[in-house]
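To start, the structure itself, in structure tokens.
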Amino acid sequence: MSDDPDLDPLARPLPSVDIPVLRGDVRANRAKRQVALSALGVVAALGVVYLGYQAWNSPDEPEVSDTEPEPAREVPVPVEPEQEPETPDEEPEPEQPTVEPVESDGLVRRFEARFGDARGFRPALLNAGLTNEECASLEQALGEVIDFRRCRPDHRIEYERDANDRLTRLRYHDQDDAFAQAVRQADGTFTASREELPRTVQLVTRGGIVRSSLGDAMDQLGLSRSIVGVFVEVFGARVNFATQAREGDQFRVVLEQIQVEGQDPTWGQAHALEYVGQRAGRLQAFYYEENNRRPDWYDEEGRQMRGSWLRVPCRYDRISSPFNPRRMHPLLRRIVPHNGVDFAAATGTPVRAAAAGRITWAGPKGPNGNLVSIEHEDGYSSHYAHLHQIQRGIRVGVEVEERQLIGTVGTTGRSTGPHLHFGLKRRGRFVDPVEILNGPGRLLPAAPRRRFRARMGELREHFSTVELSEPPPAPSEPTDETEEDSDETLD
């Protein structure tokens, strides 16, 4: 084969400017040029639009001139009245306590202030009107009787000055019934002590008539609803308040009224209860404390009202759903056994172990929500469902004492409202807790029983000081009625 390409028919010459372009290539190149020119036109158009937009929205530029420009005129800018800055004197100080003389007899002036939002004890004293020197002396003296880390905004500061404006006394009220005090001595130093406020306790009697519920009747008398729990706990063996309370039932209670100087009265321990109901008849109970014996409630014969080994686990307003193996479930609308009793109570109410035992479950468990289970002696186990919180330290294997705090009332799991579902098993089978809670009580020995009867006579005299507007209702025959269920069971 010849090396000359002109003589080889299979050889293809390399392209060069001298070789003519095919007709298809010409059309393709012409199309490419048109596309390129169109693209350049679009870019140019967009540039013109952008420049026009910038010129429209930008402030006018001054024209360039060979002559010296005229000085710019100052245009006043109006200021809205509400935007005018306030002077430091007009800025309100945050929560600054007001110090006013509360009493003056010409020789001694008394002042009072709140701790407020001060960042420490000394700033609070300075805000109250004391000098820095006085604050230093007070801090040194009061450091032994006040924990300055526990100061709160609602604490009160009271102090006195004599006719020479010298600080003579300061009281710091950090408790409801006590205060810390610093008194100036002859040498100018302060001595500190903790003093109790004058406190009086007297027995008072209140009584009322049930219209809608026992709790509502307590509210109308200004009593705490926790007293309802006392009635239910004490008389639970004799009357079921969930199904046997009736409109027109009457009650009386003798209890302590505690009055602390300068404060509203509060209610203390109840000492005598009376309930007269159409279904319950007349019931009375008396609180008695014998030497070296745990105080408890006794009936007229001196028999312990709560004799069972099991204790009611929480204070409650009412029993919203009793033990019922054939209950129609309020949410599922089918027959589901209610294997316990529901104690209606506010969220956060303390829940305590009904008896001593060992924790076998502590945590979430399906429809029961937060659940605690305790194993007791003689084959019993108790279960506390729908808890809002489980007490720290309550876990499987921990031994608990009777009345030990294990959690708080809530509405976790399948529940229609805050309550404690309390279940009780005996040898693996659910039983009605109320029957166990209402077991027979212990009778006081002969000598203590005589002293109890004397005390009972004194308390009964208090009942006669409250006359109710209606005569006691007569007991009526039981009727077949059911209480509306409201909450979930423990399966």
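Odds and ends about this structure:
- Whole-percent pair-distance distribution, where bins are 10 Å wide, for the alpha carbons of segment 240-284: 25, 35, 25, 14, 2
- Equivalent ellipsoid, segment 281-434 (semi-axes from 5 times Cα gyration tensor eigenvalues, Å): 27, 20, 15
- Alpha-carbon Debye profile of segment 209-324, log10 I(q)/I(0) at 0.14, 0.18, 0.23 Å⁻¹: -0.62, -1.00, -1.49
- Here segment 300-388 has 50 percent of its accessible surface on carbon and sulfur atoms, given a 1.4 Å probe and all protein chains in place.
- Mean shadow area of segment 195-256 over all directions, Cα convex hull, nm²: 5.2
- By the Stokes-Einstein formula, at 1.002 mPa s and 20 °C, segment 138-207 with its Kirkwood radius over alpha-carbon pairs has D equal to 155 µm²/s.
- When segment 105-261 is reduced to its Cα atoms, the Kirkwood hydrodynamic radius in Å: 19.4
- Rolling a 1.4 Å probe over the protein heavy atoms leaves residue 256 with an accessible area of roughly 40 Å².
- Using 0.36 nm per residue and subtracting the Cα-Cα separation, the extra length available between residue 431 and residue 175 on full extension is 87.6 nm.
- Contour minus Cα-Cα distance for residue 360 and residue 246 (0.36 nm per residue): 37.0 nm
The values are calculated or read from the model by the stated rules, or taken from the named source; none is laboratory data. Because the structure is predicted, anything quoted here is derived from the model rather than measured. To get the accessible areas, we keep the full protein, side chains included, count just its heavy atoms, and leave off ligands, DNA and RNA. Shrake-Rupley method; radii C 1.70, N 1.55, O 1.52, S 1.80 Å.
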